[in-house]
Amino acid sequence: MQNLSFEKIKELNDQYIQNTYGRLPLAFSHGKGAYIYSTDGREFLDFLAGISVTNLGHAHPEITRSIREQAEKLLHCSNIYHIENQSVLAELIAQKSLGGKSFFANSGAEANEAAIKLARYYGNHLKAGKNKIISLHNSFHGRTIASLTMTGQPKYRQGYEPLPGNFVYVHENDESELEAEADESTCAIVLEIIQGESGVHPMTESFVKKARELCDKHDALLIIDEIQTGMGRTGKWFAYQHYDVTPDIITLAKALANGIPIGAMHAGDKVKDVLVPKSHGSTFGGNPFATAVAITVFQEMEKGVVDAVEAKGEQFRKGLKDLQQKFSFITEVRGKGLMVGLGMDQVAQKAYQACISEQLLLGAIGEEALRFLPPLIIESREIELALEKLAKAFATI
Ligand SMILES: *Cc1c(COP(=O)(O)O)cnc(C)c1O
C-alpha cells in the first residue's frame with residue numbers, strides 16, 4: 001500500500017480526478033468498528049458509516065474472513081453460469097422481505113434502473129402508454145440518467161436535459177396530490193419510507209397506504225427504495241415493515257455487503273417473473289465475491305444486530321433531545337432506529353465543521369439539518385461519546 005502525505009493525496013486528486021465531489025480536507029487509512037483513522041493519525045468517531053454502508057463497522061473480522069476466503073476461491077464468473085452465492089443470497093433477501101425474486105446489480109442507482117425497467121416493461125406490456133412513473137419532490141434515487149430523472153430534487157437534474165419522459169413528482173405526504181396524479185397510465189409509484197438525502201424526512205403511514213391503494217386501483221407497482229433505509233438501519237430489516245404495507249418491489253444497495261459494491265432489485269410475487277432472458281443484465285451483478293460478503297452480512301446481522309437498533313436509536317435521540325433543551329438552534333430531532341436527523345436553524349454548516357473539529361463524522365444537508373448514520377454495531381458508550389462531542393461542538397456556535 002501507499003503511504004502518501006495528505007498534501008500529496010490532495011495534489012494528485014486535484015490534478016487527476018474530476019471535480020464532482022466537495023471533499024473535506026481529510027483522508028483515512030484504516031478503521032476499526034465505529035472508529036476511523038486519518039492519514040495524519042487522528043481518531044474519528046464515525047457517525048456516517050460511509051452514508052449507511054459500513055453498518056457492521058470497519059474491519060469487521062467476519063467480513064474480512066469472508067472476503068479473504070472468497071478471494072482465494074473465485075472472484076468472478078459470468079451470469080452465463082449459475083452462481084452458488086448469488087442463489088443463496090437471493091433466498092436470504094426473499095426470506096427477510098417479499099419472498100420473491102432478485103436481480104443483482106452493483107450500486108443503488110443500478111438497482112433503481114432495474115426497478116424502472118421492470119415497471120416500464122410491466123406497464124407497456126399491459127397497455128400502450130402505461131409508463132408514467134410518480135416519485136416525490138424531495139426524493140433521491142441515484143445519478144444515472146433515469147434514476148436522476150426519478151429523483152425529485154431539481155439540483156440533480158439540471159443541465160442534463162433531455163431527460164427520459166413521463167416521470168412526474170408529487171409532494172411528500174400529500175395524499176390528494178398523489179391521488180390526482182395517479183391514473184391508469186401510471187406504471188409505478190416510487191418512494192423512500194424515510195428520505196435520507198433530503199435530511200431524514202419520514203413518510204406517514206397513511207401516505208404510504210394511499211400509495212398502495214392507488215397502485216392497486218390502477219394496476220401500478222409500488223416501489224420502495226430501501227437503499228439507505230434497508231438492512232436494519234431503522235430497526236427492522238426493511239423500513240416498509242414498520243407499516244402495514246407490502247410493496248411490489250424494493251431496491252437495495254449501500255449496506256448490503258458492508259462496503260463491497262452490490263445492488264439488488266427484489267420483486268414480490270406479482271411481478272417476480274416479469275423480466276425474461278435478455279430483458280436485462282449486468283456483467284458484475286451478483287458476482288461470487290460480492291454475494292459471498294453479502295451472505296456474511298446477513299449472518300452477522302442475525303446475531304442480534306438488527307434487534308438492538310431500536311434501543312440504540314432511542315438512547316441517541318434522547319440525548320439529542322437533551323441537547324435541544326440547551327441549544328435553541330436545534331429545531332427538531334427526527335428519524336427511526338439509527339437513521340437520525342437534527343433540524344438546525346440555519347447553522348448546519350457551522351455545526352458540521354465544528355463536529356469535524358471534534359473528530360466526529362456525520363452528514364449535513366444545506367443549512368437545515370445534520371444527519372447521523374452510525375454503524376449498527378455502535379455501543380452505548382460510543383453513543384455517549386458522540387453526544388459529548390456534539391455538546392462541545394454546539395457550544396462553539
Ligand atoms: C445512495 C442512494 C441511492 C444511490 O445509490 P448509489 O449506490 O450511489 O448509486 C439511491 N437511493 C437512495 C435512497 C440512496 O440513499
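Each reported figure results from applying straightforward, stated rules to the coordinates on display, with no laboratory input. Please read all numbers here as calculations on a predicted model, not as lab measurements. Cβ sites come from the backbone with ideal geometry, for glycine too, and all protein chains shown count toward neighbours.
Okay, here's what the table says:
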| item | result |
| --- | --- |
| Nearest-ten-degree value, helix 84-96 long axis tilted from longest Cα axis of the chain | 90 degrees |
| Sorted by Cβ density within 10 Å, fewest first, the residues Lys236, Lys117 | Lys117, Lys236 |
| Principal-axis tilt of helix 380-395 within the chain, Cα atoms, nearest 10 degrees | 70 degrees |
| Estimated FRET transfer efficiency when R0 is 35 angstrom, pair Glu388-Glu62 (beta carbons, to 0.05) | 0.70 |
| Residue exposure sequence - His58, His201, His137 - by fewest surrounding Cβ within 10 Å | His137, His201, His58 |
| Added length on full extension, which subtracts the Cα-Cα distance from 0.36 nm per residue, Ile51 to Lys10 | 12.6 nm |
| Entries of Lys336/Lys392; Lys132/Lys210; Lys312/Lys336; Lys236/Lys270; Lys96/Lys303; Lys132/Lys217 with Cα pairs more than 21 Å apart | Lys336/Lys392; Lys236/Lys270 |
| nm² value of the averaged projected area, convex hull over the Cα atoms of the stretch 62-155 | 9.1 nm² |
| Estimated FRET transfer efficiency when R0 is 41 angstrom, pair Ser357-Glu205 (beta carbons, to 0.05) | 0.55 |
| Length released on extending from Lys127 to Lys326, taking residue separation times 0.36 nm less the Cα-Cα span | 65.8 nm |
| Size of charge dipole - the chain - debye, nearest 20, with Cβ of Lys, Arg +1 and Asp, Glu -1, no other charges | 520 debye |
| Net lengthening on full extension, Asp219/Ile17 (0.36 nm per residue, minus Cα-Cα) | 68.2 nm |
| Whole-Hz couplings from phi, Karplus 6.51/-1.76/1.60, listed for the stretch 345-360; x for Gly and Pro | 7, 6, 10, 4, 5, 4, 4, 4, 4, 5, 5, 4, 4, 7, 6, 10 |
| Sequence of Cys215, Cys187 once ranked by neighbouring C-beta atoms within 10 Å, starting from the fewest | Cys215, Cys187 |
| Dimensions in Å of the chain - Rg and Dmax from alpha carbons | 21.1, 61 |
| Degrees between helix 306-326 axis and first principal axis of the chain (Cα, 0 to 90, nearest 10) | 60 degrees |
